[in-house]
Amino acid sequence: MAQNKLVVISLDSMGFNDLDQWIDLAPHLKKLRDRGTWVQHVRGIFPTLTYPSHTSIITGQYPAVHGIVNNTKLQPQRLSPDWYWYRKDVQATPLYDVARQAGLTTAAFLWPVTAGSKIDYNISEIFPNRIWTNQVLVSLKASSPWFLLQMNHRYGHLRHGIKQPWLDDFVTACAIDTLKNKKPDLTLIHLVDMDSMRHRYGVRSTAARAAWQRLDARVARLVDATKAAGTYEHTNFVFLGDHYQIDVTKMIHLNIAFAKQGWLRPLPAKTTYRKDWQVTAKACDGESYVYVTSGVDLKRVRQVIEQTAGVSHVYSQAEAAQRGADPHCAFLVEAKRGYYFTDEVNRPAVVEDVDPTSLGTHDRYRGVHGYGPDQPNYDTTIVFCGPDVNQKKVIEQTAHLVDEGPTFAQLLGLHYPQATAGQPIIGVVKEDRS
Ligand SMILES: [Zn+2]
């Protein structure tokens, strides 16, 4: 019997709260939620950032194992560090590789950390980070070139660079075209509109609500594309969030505290600092990694961190590793709600208010994520729907982000080559299929 297809749609920053309190704004998602299986609470990973989270979703592993421990790399001398764009940085097996090896066709649209992967139809999330590169060139190198040229030719007019909501419009159009014409066995779609609006305007802002409504309309169009393609009856759908967000008003610049101790040396009039640091913070917004070189008094470093306003908790290296975060850090630092970390070194104080007139510029936010996943009221959520999924079911028991990939594998009848940290979520897949 032919295997049913799988379409996974990631609505970046969708939390349990959205499918609970904002559901009347999203009639299509409501219908899907009520028809299929809704796993209400999904606990994220340390840190709850987009790239580590999507990699945990698709590999079933924690960042300590898959290696995508942050969105960006530790590059103190770059104002804008490189992101973990490339598949080669992932040290675990993503489901799209398992699918491909089983002879299934795969497609991905802005799914994080897929650049240079062997996905059949891929538009990877990558943007030019060097002044001598441009969007077309970096995208061509990282994606399926002929496919990207074709998509850009047909739908490039929808896009204004990487600005929202136009980028999601472009991605949706490309995905619809592909669902209709290529009918992939596994399709991964990442829509970022609401996350962008939350960063800029706040978690429950009018702009975020409007983005939520736009996402609902895009979801409906994507599902309809499979009806037009004649694949709807044989397609399982997943609608998931990667993390939620928390409103913020204050920033913590840990590197300024470290510079005061002489542990790093700022470059004059720049946000960057010299390479020869002994202690450095590498922010994940709601949390921050702290790295040290050898010979540093860790007790003293911990003291300096703990004395900083807005710090709620300091995890040791062993505690961070145990929670699946980067095992190479010296500490993982948690901010209090309302605070977030930056890597900056040229600010007037270690802790400062976010100036409302600066919102929308680099690292100036009204809402962020990246906190530890156990923050109250912070869970994300997932909905399954389709021929192999139990109908009209609500699962109240908390699942984990790493359980999602193994559940997708179960739906596709696939097995990861290594044991995963997560397990298929019990009660989602119909019994004759599980
Ligand atoms: Zn995200």
* To do: Scan the stretch 288-311 for residues that are polar (S, T, N, Q) and surrounded by 15 or more Cβ atoms within 10 Å (Cβ to Cβ) and report the count.
  => 2
* Taking only pairs six or more apart or across chains, which ones have beta-carbon atoms under 7 Å, a first residue in the stretch 11-25 that is in the same structural domain as Gly44 (by TED's automatic domain parsing) and of a type in the set (A, V, I, L, M), and a second residue that is within 16 Å of the ligand (Cβ to nearest atom) and assigned to a strand (DSSP E or B)? -> Leu11/Leu191; Leu11/Phe239; Met14/Thr380; Met14/Thr381; Leu19/Thr381
* Structure fact -> If we take the stretch 335-434, then strands (runs of 3 or more DSSP E) inside it with 1 or more residues that are polar (S, T, N, Q) are 339-342, 380-385
* To do: For Ile395, work out the one condition from (1) more than 23 Å from Pro81 (Cα to Cα); (2) within 16 Å of the ligand (Cβ to nearest atom); (3) touching a Gly at 6+ places or on another chain (Cβ under 6 Å) it doesn't fulfil.
  => (2)
* **Residue among Asn134, Asn129 that alone is surrounded by fewer than 22 Cβ atoms within 10 Å (Cβ to Cβ), modelled with pLDDT under 95, more than 16 Å from the ligand (Cβ to nearest atom) and closer than 25 Å to Pro52 by Cβ** => Asn129
* Among the residues of the stretch 223-250 satisfying the criterion of being assigned to a helix (DSSP H, G or I) and out of contact with any helix residue (DSSP H, G or I) (no Cβ under 6 Å at 6 or more places or on another chain), which is nearest to the ligand (Cβ to nearest atom)? -> Val223
* For the subset of the stretch 16-49 comprising residues that are crowded, with 24+ Cβ neighbours inside 10 Å and either within 16 Å of the ligand (Cβ to nearest atom) or among the basic types (Lys, Arg) (or both), which member is nearest to Trp85 (Cα to Cα)? -> Leu49
* **Boolean, Asn152 is modelled with pLDDT of 85 or more and either assigned to a loop (DSSP other than H, G, I, E, B) or in the same structural domain as Asp193 (by TED's automatic domain parsing) (or both)** => yes
* Enumerated strands (runs of 3 or more DSSP E) restricted to the stretch 252-321, each holding at least 1 residues that are farther than 26 Å from Arg78 by Cα -> 311-316
* Structure fact -> The residue that is farthest from Ser196 (Cα to Cα), considering only those in the stretch 50-72 that are β-branched (Val, Ile, Thr), assigned to a helix (DSSP H, G or I) and within 16 Å of the ligand (Cβ to nearest atom), is Ile58
* Asked: Does His190 fit the bill of being assigned to a helix (DSSP H, G or I), in contact (Cβ under 8 Å) with a residue 60 or more places away in the chain and of a type outside the set (Lys, Arg)?
  -> no
* **Boolean, Gly386 is of a type outside the set (Ser, Thr, Tyr) and assigned by TED's automatic domain parsing to the domain that holds Thr206** => yes
* Asked: Just to be sure, is Val8 at pLDDT 95 or above, within 16 Å of the ligand (Cβ to nearest atom) and either touching a Ser or Thr at 6+ places or on another chain (Cβ under 9 Å) or not in a loop (DSSP other than H, G, I, E, B) (or both)?
  -> yes
* Condition met for Phe331 (surrounded by 21 or more Cβ atoms within 10 Å (Cβ to Cβ) and under 30 Å from Gly103 (Cβ atoms)) -> no
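The values are calculated or read from the model by the stated rules, or taken from the named source; none is laboratory data. For clarity, every value in this text was computed on a predicted model and none was experimentally measured. All Cβ positions, glycine included, derive from the backbone under ideal geometry; neighbour counts span all protein chains shown.
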